[in-house]
Amino acid sequence: MANLKDIKNRIQSVQSTKKITRAMKMVAAAKVKKAETTVKMSRPFTAELNAMFKKLLNSVGTYSVHTLKIKSAIDNYPALLQVRETKTAGLLVITSNKGLAGAYNSNIIKKTIQTIKDYNDKGIKTILFIVGQKGISTLKKRCKDFDCEIAKTYHAVANNPTGERASAIVEDIAEYFVNEKIDKIEIITTRFKNMMSYFIENWEVLPLKGINDDHDRLHDNIIEPMMEFSPDMHHILQKVVPMYIANIIFQALLEAQASELASRMTAMSAATSNADKMLKELSTEYNKTRQFAITQEIIEVVSGANAQIG
């Protein structure tokens, strides 16, 4: 049986841990509500932008760069629409900088590793763009076991997703795609459902879906209004394409942040409950041990008194 000092030390340790987990739960709960509101407010805009973008592409028909000024890869929108044989696939993996979020990061990393294996089995190399320190540190080690490499890593965006940071990621992946270092890219992220659950999803980003994609073709029986372009369709697409891709990545970052905070809040709530249970068990053990020690002392005193009397 453990002595009273050891049990008391364990009780103090669990109490300290409980204070930390309770504080982290409260912080996550305060942040997740704001993140949930942001995600739900951004979804209608994203859905409308997606619908508008598909209509715009289907209205253009032929894509050209003859009248455009190409300063960077993201300006070359026809190249971003080019579908080619996949020899190298790019994966934008979104994890968090901090742990203590339950199985959130490990689930994303497992999904990423499985995706890499699936591509490798088809003879396709993978190039990773990783958001979040948890994904960076783990995948750097695991990539040595597969045909993959890490191209870019991003730290700050995991804590504070912004449109500017999403645009910076877009410029990186566009450069790799246009220069044919990758033939496609998809995002491995989570879609926030509610405070208790989320889904891990793969979002295809490049090549962009245009008029030649059957599943994106407008139904023949639906009459769409004619679209007029000023100054011309190609200059408009050159502006809209970067905004469209950046919005996809920004939405993925927002969904991931809300999922992470919800997972952390749930994990810290469970940890706090477990600490309460452990404290009850330790208190019971402490009282039993204390009672046993007192009983032993009484027996020893009585035995000593009887020995002197006898």
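Any residue at all in the range 247-267 that is surrounded by 23 or more Cβ atoms within 10 Å (Cβ to Cβ) and within 30 Å of residue 8 (Cβ to Cβ)? No, the range 247-267 contains no residue that is surrounded by 23 or more Cβ atoms within 10 Å (Cβ to Cβ) and within 30 Å of residue 8 (Cβ to Cβ).
Which of the residues that make up the range 174-189 are under 25 Å from residue 259 (Cβ atoms) and either at pLDDT below 90 or touching a Gly at 6+ places or on another chain (Cβ under 6 Å) (or both)? Within the range 174-189, just 185 meets the criteria.
Is it the case that the range 23-46 has a residue that's surrounded by 14 or more Cβ atoms within 10 Å (Cβ to Cβ), of a type in the set (Phe, Trp, Tyr) and modelled with pLDDT of 80 or more? The answer is no; no qualifying residue exists. Put simply, of 116, 127 the only residue that is in contact (Cβ under 8 Å) with a residue 24 or more places away in the chain, part of a helix (DSSP H, G or I) and within 20 Å of residue 86 (Cα to Cα) is 116. How many residues are under 25 Å from residue 47 (Cα atoms), among the hydroxyl-bearing types (Ser, Thr, Tyr) and in a helix (DSSP H, G or I) if we restrict to the range 228-287? Counting residues in the range 228-287 that are under 25 Å from residue 47 (Cα atoms), among the hydroxyl-bearing types (Ser, Thr, Tyr) and in a helix (DSSP H, G or I) gives 2. Within the range 223-265, take every residue that is polar (S, T, N, Q) and at pLDDT below 85 and give me the one that is nearest to residue 171 (Cα to Cα). For the range 223-265, the residue satisfying everything is 238.
If you go through the range 93-113 and keep only what is outside any helix (DSSP H, G or I), aliphatic (A, V, I, L, M) and under 10 Å from the mean Cα position of the chain (by Cα), you end up with 93, 94.
Per this entry, residue 125 is not counted among residues that are out of contact with any helix residue (DSSP H, G or I) (no Cβ under 9 Å at 6 or more places or on another chain) and either under 20 Å from residue 172 (Cβ atoms) or of a type in the set (D, E, K, R) (or both). Could you check the range 189-203 and list, in sequence order, the residues that are in a strand (DSSP E or B) and over 9 Å from residue 255 (Cβ atoms)? If the condition is that a residue be in a strand (DSSP E or B) and over 9 Å from residue 255 (Cβ atoms), then 193, 194, 197, 199, 200, 202, 203 are the ones that fit.
No other residue among 122, 111 is basic (Lys, Arg), touching a strand residue (DSSP E or B) at 6+ places or on another chain (Cβ under 6 Å) and closer than 22 Å to residue 205 by Cβ apart from 111. Do we have residue 199 as loosely packed, with under 13 Cβ neighbours inside 10 Å, at pLDDT 85 or above and touching a helix residue (DSSP H, G or I) at 6+ places or on another chain (Cβ under 9 Å) here? When the stated conditions are applied, residue 199 passes them.
Here residue 136 passes the criteria (1) closer than 22 Å to residue 83 by Cα; (2) modelled with pLDDT of 90 or more except the one numbered (1).
Considering only residues in the range 68-114 that are touching a Pro at 6+ places or on another chain (Cβ under 7 Å) and hydrophobic (A, V, I, L, M, F, W, C), the one that is nearest to residue 160 (Cα to Cα) turns out to be 74. Within the range 149-164, the residues that satisfy the criterion of being surrounded by 14 or more Cβ atoms within 10 Å (Cβ to Cβ) and in contact (Cβ under 8 Å) with a residue 40 or more places away in the chain are 151, 157, 158, 161. The single condition from (1) at pLDDT below 90; (2) within 26 Å of residue 101 (Cα to Cα); (3) assigned to a helix (DSSP H, G or I); (4) not hydrophobic (A, V, I, L, M, F, W, C) that residue 164 fails is (2).
Checked against the criterion of being surrounded by 13 or more Cβ atoms within 10 Å (Cβ to Cβ) and under 30 Å from residue 266 (Cβ atoms), the range 121-129 has at least one qualifying residue. In the range 264-278, the count of residues that are in contact with a helix residue (DSSP H, G or I) (Cβ under 7 Å, 6 or more places away or on another chain) and closer than 30 Å to residue 90 by Cα is one or more.
The values are calculated or read from the model by the stated rules, or taken from the named source; none is laboratory data. Not measured: the values here are computed from a predicted model. In this analysis, Cβ positions are derived from the backbone assuming ideal geometry, glycine residues included, and neighbour counts consider all displayed protein chains.
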